[in-house]
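Every number in this text was worked out from the coordinates using simple rules, so none of it is lab data. In this text, all values refer to a predicted model and were calculated from it rather than measured experimentally. Reconstructed Cβ throughout: ideal geometry from the backbone, glycine too, with neighbour counts over all protein chains shown.
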Amino acid sequence: MAGQTPAARKQARIAAIVIAVTVVLWMLANWIGGQTNMPIRYAFLFDFAAIAAFIWALVVLFGVWREGQQTKD
């Protein structure tokens, strides 16, 4: 991360936190769903929410990467 702006570092840190929290919550939601025999539609809801969070983090990290590529030149 050397050479990146503080704003880019902050965005990367937020994206990393979102990824970590999403993984933990996704696994927890699936475990609770299995223990309580929740309807399958809730499992899909959790899956889609996790996918949305991962896509958001990917877009943010891509922007951070692009910024780093532009500042290298």
Relative contact order as a percentage, the chain, C-alpha pairs under 8 Å and 6+ apart, gives 52
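Where does each of Trp31, Trp56, Trp26 land when they are ranked from fewest to most other beta-carbon atoms within 10 angstrom?
Going from least to most buried by this count: Trp31, Trp56, Trp26.
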Pairwise FRET efficiency - Leu58 versus Asn30, Cβ, R0 = 25 Å, nearest 0.05: 0.75
The chain, convex hull of Cα, quarter of hull surface, nm² -> 4.8
Dipole axis of the chain (+1 Lys, Arg; -1 Asp, Glu on Cβ), positive-most option in Leu58, Ile14, Ala43: Ile14
Enter the angle in degrees (range 0 to 90, nearest 10) between the Cα long axis of helix 6-36 and the first principal axis of the Cα atoms of the chain, meaning the one along which they spread out most. 10
Charges only on Cβ, +1 for Lys and Arg, -1 for Asp and Glu: so what's the dipole of the chain about the Cα centre, in debye to the nearest 20? 160
Label-point separation in nm, Trp65 to Asn37, each point 7 Å along Cα→Cβ: 4.5
Going by how many other beta carbons lie within 10 Å of each one, how would you line up Thr36, Thr22, Thr5, fewest first? Thr36, Thr5, Thr22
